[in-house]
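The values are calculated or read from the model by the stated rules, or taken from the named source; none is laboratory data. Only a predicted model underlies this, so the values are computations on that prediction, with no experimental measurement involved. FYI the Cβ positions are ideal-geometry reconstructions off the backbone, even for glycines, and counts take in every protein chain you see. What goes into the accessible areas is simple: the full protein's heavy atoms, side chains included, and nothing from ligands, DNA or RNA. Shrake-Rupley method; radii C 1.70, N 1.55, O 1.52, S 1.80 Å.
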Amino acid sequence: MSQDSSPLSIEELESRMRPGRFSQAGFLGPTESLSAVLAQDAETLLGLKLSYTELSERLEKLIEVAETNTGRSIRVAPHFTVSIRKYAGFQICPWSIDPHHMQCMEGGGVRHASIDWEIRNLRTGQQMEGPGLIVHLIRDHHFFEGFESPYRVDPDELAQLFELGPYSSK
């Protein structure tokens with residue numbers, strides 16, 4: 001569900017995404033525009049010739065393998081290491097219609113909302129980290145978090161990490 005199809009107003013979503021609301025650090029900075037962030041990331045993906053699905057599926061596959069080995073790094077595929085940190089609670093998606101009673105159900109619901117991940121590409125040396133909720137945010141809401149959020153997962157950097165699009169090693 002992108003913002004266009006959300007029953008929540010842009011004002012409500014931005015309010016939920018500000019620091020101290022649904023996340024202590026925030027999904028957006030104090031004055032960032034959700035629409036502007038979504039538009040700029042859409043433009044980035046267009047330039048990379050990649051889809052939200054391609055990036056989110058690649059990330060989710062690595063996370064799923066690593067979740068069985070929480071607390072230690074595991075080698076996944078030919079050239080990635082992945083480590084997972086699991087938490088007792090979970091992060092609520094800001095698009096949830098009823099956040100006090102249930103998680104967002106868009107795209108089949110949220111998975112991985114109680115973990116953080118770190119992935120290293122052993123071939124390039126590049127390393128990234130982020131929240132597990134980002135898989136759902138990218139796939140179902142086309143959102144990589146705001147430019148001012150410490151939890152942002154930049155789409156260009158993610159494409160580089162996975163060697164996709166213009167960064168393909170093929």
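Assorted remarks:
- Test: residue in the range 96-107 that is charged (D, E, K, R), touching a Phe, Trp or Tyr at 6+ places or on another chain (Cβ under 8 Å) and under 30 Å from SER9 (Cβ atoms): yes
- Complete set of residues in the range 143-170 that are among the hydrophobic types (A, V, I, L, M, F, W, C), open to solvent by less than 50 Å² (accessible area, probe 1.4 Å) and in a loop (DSSP other than H, G, I, E, B): PHE143, PHE144, VAL153, LEU164
- From the list LEU13, LEU59, LEU50, the lone residue that is in a loop (DSSP other than H, G, I, E, B) and open to solvent by less than 60 Å² (accessible area, probe 1.4 Å) is LEU50.
- Some residue of the range 127-150 being touching a Gly at 6+ places or on another chain (Cβ under 7 Å), of a type in the set (Lys, Arg) and without any contact (Cβ under 8 Å) to a residue 60 or more places away in the chain: no
- Which numbered condition ASP41 fails, given (1) open to solvent by 30 Å² or more (accessible area, probe 1.4 Å); (2) within 29 Å of SER169 (Cα to Cα); (3) not hydrophobic (A, V, I, L, M, F, W, C): (1)
- Residues that are closer than 25 Å to LEU164 by Cβ, of a type in the set (Ser, Thr, Tyr) and open to solvent by less than 60 Å² (accessible area, probe 1.4 Å), drawn from the range 70-115: THR81, SER83
- Residue-level check: of (1) touching a Leu at 6+ places or on another chain (Cβ under 9 Å); (2) open to solvent by less than 30 Å² (accessible area, probe 1.4 Å); (3) at pLDDT 90 or above, HIS136 misses just (1).
- Cross-chain or 6+ apart pairs with Cβ under 6 Å, the range 15-44 first and among the basic types (Lys, Arg), then open to solvent by less than 60 Å² (accessible area, probe 1.4 Å): ARG16/PHE22; ARG16/PRO94; ARG18/GLY26
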